[in-house]
Ligand code: F6R
Ligand code: MG
Ligand code: MG
């Protein structure tokens, strides 16, 4: 309906997978699709597309109910519940893994699933890209989103297109403290980078075009470990980016993924590895449960309908990126259990490391170093700001 705001909701969860944490079973996708098809018939959603990346089941939906809508979230929850039933029947691995609660309470955020939603008035032609990553965390999108919306060496339109020339506003979420800050690009680039260079804590949540405050991008920010307080799987994120006609072109958006940057996740959510852009056919985790992958599906949204998708990384233009990712994979793997392949201690908090330290506690004996070390705990660990 012209002038009315359409909502694009991408909600995902790992509800169990085939051959360990390798990939979603088609029957679970079917079970989720049935629930969404029923909701479409009833007019709750306008259209949907169900897919997967690795072991994460992805529900892509359009509707007119706005973001954080309880009916839509309940629908997604029910779809995951139905898919979980099938996962249990088939004996799939870690069935129901990301559904941290037994009961739905009005919003799936905080219950385990990841959510990226945006609401906007459809342009005459509305291209959007849904990015879905497995074996990594929401902060994995920090680097590419920075390049897309703030780096003219990536996005020529920042210089050339008058509608983008004013820049973009980055809404950055501190996932430890539950606080957001809006910073402007290009004026505050260095402040933006000072934060988002710590992707485990500061996550780009939304991006707005500065000259009219139009929403340009949104990222899921749920971090399972921080919800559950222990390691319960990685927080494999999704992101939605609007493209063209005053937003970065599809090709500029994709260009940001041509560099397979190091992200946290991979095996046991405890390692750094390269983010490899792949087509759907390769959206499955193998080597060392990875390497972490990202799929990009392009849609046109037309009268609220999802038209597509186009499987954007299924292209030889990304072969060299993938090859480089393989080389980086070899290189990082040779570090074995050493940092920086293994994550730093602050991220290992949610694994067995605290237990090892506790067990060894009494075996540590005092040692005279000749000085008393002054330790300022990093902000990463304590959340405190030091002078
Ligand atoms: C990472 C992931 C896998 C598992 C690993 C161990 O996000 O899902 O790498 O952590 O396969 O899994 P469990 O503990 O289930 O044997
Ligand atoms: Mg899994
Ligand atoms: Mg996963």
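Judged by the mean number of other Cβ atoms found within 10 Å, the most tightly packed of the peptides 153-160, 37-44, 21-28 leads the ranking 21-28, 153-160, 37-44. Residue 102 to residue 179: extension gain in nm, 0.36 nm per residue of separation minus the Cα-Cα distance? Extending this stretch completely gives an extra 24.9 nm. Site pair residue 22 and residue 190 shows an inter-label distance of 5.1 nm when each label is modelled 7 Å from Cα along Cα→Cβ. Evaluated at q = 0.21 Å⁻¹, a Debye calculation over the C-alpha positions of the range 1-99 (equal weights, vacuum) places log10 I(q)/I(0) at -0.94. Beta bridges per DSSP, both residues in the chain: antiparallel share near 95 percent.
Taking N as the number of residues in the range 162-283, what value does Rg over Cα atoms divided by 2.2 N^0.38 Å take? List each step's numbers first, then the result.
On the way: Rg = 15.6 Å, N = 122, 2.2 N^0.38 = 13.7 Å.
For the range 162-283, the normalised Cα radius of gyration comes out at 1.14.
Fewest neighbouring Cβ atoms within 10 Å first, the residues 5, 372, 147 line up as 372, 5, 147.
Extension gain for residue 352 to residue 125 (0.36 nm times residue separation, less C-alpha to C-alpha distance): 76.7 nm.
Could you work out the helix-only [θ] at 222 nm for the chain, with each DSSP H run of four or more residues adding -39,500 (n - 2.57) and the total divided by the number of residues, to the nearest 500 deg cm²/dmol? Spell out each step's value before the answer.
On the way: 11 runs with 99 residues, N = 387.
The helix-only estimate for the chain comes to -7000 deg cm²/dmol at 222 nm.
Which residue, 82, 126, 346, tops the fluctuation ranking in a GNM of the chain built on C-alpha contacts under 10 Å? Most flexible of the set in this elastic network: 346.
Label sites at residue 259 and residue 38, each approximated as a point 7 angstrom past Cα along Cα to Cβ, lie 4.7 nm apart. Counted by neighbouring Cβ atoms within 10 Å, the residues 72, 204 run from fewest to most as 72, 204.
Taking a quarter of the surface of the Cα convex hull of the chain, what do you get in nm²?
Details: hull surface 84.7 nm².
Here the figure is 21.2 nm², rounded to one decimal.
In this simple spin-label model, placing a label point 7 Å from the Cα along the Cα-to-Cβ direction at both residue 161 and residue 249 gives a separation of 0.9 nm. Taking other Cβ atoms within 10 Å as a rough exposure proxy, 63, 271 sort from fewest to most as 63, 271. Report the percentage of all Cα-Cα pairs in the range 78-228 whose separation exceeds 20 Å, rounded to a whole percent. So the pairs more than 20 Å apart make up 56 percent of the total in the range 78-228.
If r is the Cβ-Cβ distance from residue 305 to residue 68 and R0 is 25 Å, what FRET efficiency results, to the nearest 0.05? Write down the numbers at each step before the final one.
Details: r = 22 Å, r/R0 = 0.89.
Using R0 = 25 Å, I get an efficiency of 0.65.
Summary of the geometry: the range 115-177 and the range 278-312, compared by the centres of their Cα atoms, lie 17 Å apart. Using 0.36 nm per residue and subtracting the Cα-Cα separation, the extra length available between residue 212 and residue 320 on full extension is 35.1 nm.
Cα centroids of the range 183-237 and the range 27-70: 25 Å apart.
Rule-based calculations on the coordinates, nothing more; no lab input. Computed from a predicted structure; not experimentally measured. All Cβ positions, even for glycine, are placed from backbone atoms using ideal geometry, and neighbour counts span all protein chains on display.
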